[in-house]
Amino acid sequence: MTRKLLAGLVTGLLVTGFALLGGGVADAHSAVVGSTPDNGAQIDTSPATVSVTFNESLQPAYPSMTVVGPDGNLWQKGQPKVDGATISVEVGELGPVGEYKIAYRVTSADGHPVSGTRSFTLTKAGNGTPGPKSDAGAKSGGSDGGVPLWIFIACAVALFGGGLAFALFGGRGKRRT
């Protein structure tokens, strides 16, 4: 009886260890490798477009990208486009001097949403016309909104351990008459 219990515990620990070691690879998402303008750059003329480039191709469905100026207005023109590993949106002529924030949300190759922000500073005022006021503060969070993979692994290990314990000990109680 003690040998079976020990074997069950060792098996459960081994399965847990392998599940946790293998979980890191499946949890990888697309990562930003650069942007135009560079994050934190100081520029004196408006770029025609802004873009964010990732380490792998993105899914083209439902991209989102906004450019919010220091005045709190939207400055992007048109809809964002995904081309391989890059999301971009037209900007045209910018306006006031100050920090412009680029907020993005894309779908990575593995199907998970990835979002974040980048910024650049315009050092010379432009003559562009702003769009409407932005509510970007509520939309620019860095969370991908998904459930962490480790929760699914922990549940699977618990179910497996419970099934193993039942299989080893469930039907072996003493019968009472």
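What to note about this one:
- For residue 27, the requirement of being of a type in the set (Asp, Glu) and modelled with pLDDT of 95 or more is not met.
- Taking the criterion of being among the hydrophobic types (A, V, I, L, M, F, W, C) and within 17 Å of residue 45 (Cβ to Cβ), the residues of region 69-114 that qualify are 75, 91, 94, 97, 102.
- Residues of region 94-113 that turn out to be closer than 24 Å to residue 131 by Cβ and either over 10 Å from the mean Cα position of the chain (by Cα) or of a type in the set (Ser, Thr, Tyr) (or both), as a count: 11
- Qualifying residue in region 1-24 (condition: at pLDDT below 75, among the polar types (S, T, N, Q) and open to solvent by 80 Å² or more (accessible area, probe 1.4 Å)): yes
The values are calculated or read from the model by the stated rules, or taken from the named source; none is laboratory data. Worth saying up front: this structure is predicted, and the values here are computed from it rather than measured. We place every Cβ from the backbone using ideal geometry, glycine too, and count neighbours over all the protein chains shown. The protein model used for the area step is the full one, side chains on, heavy atoms only, and it has no ligands, DNA or RNA in it. Shrake-Rupley method; radii C 1.70, N 1.55, O 1.52, S 1.80 Å.
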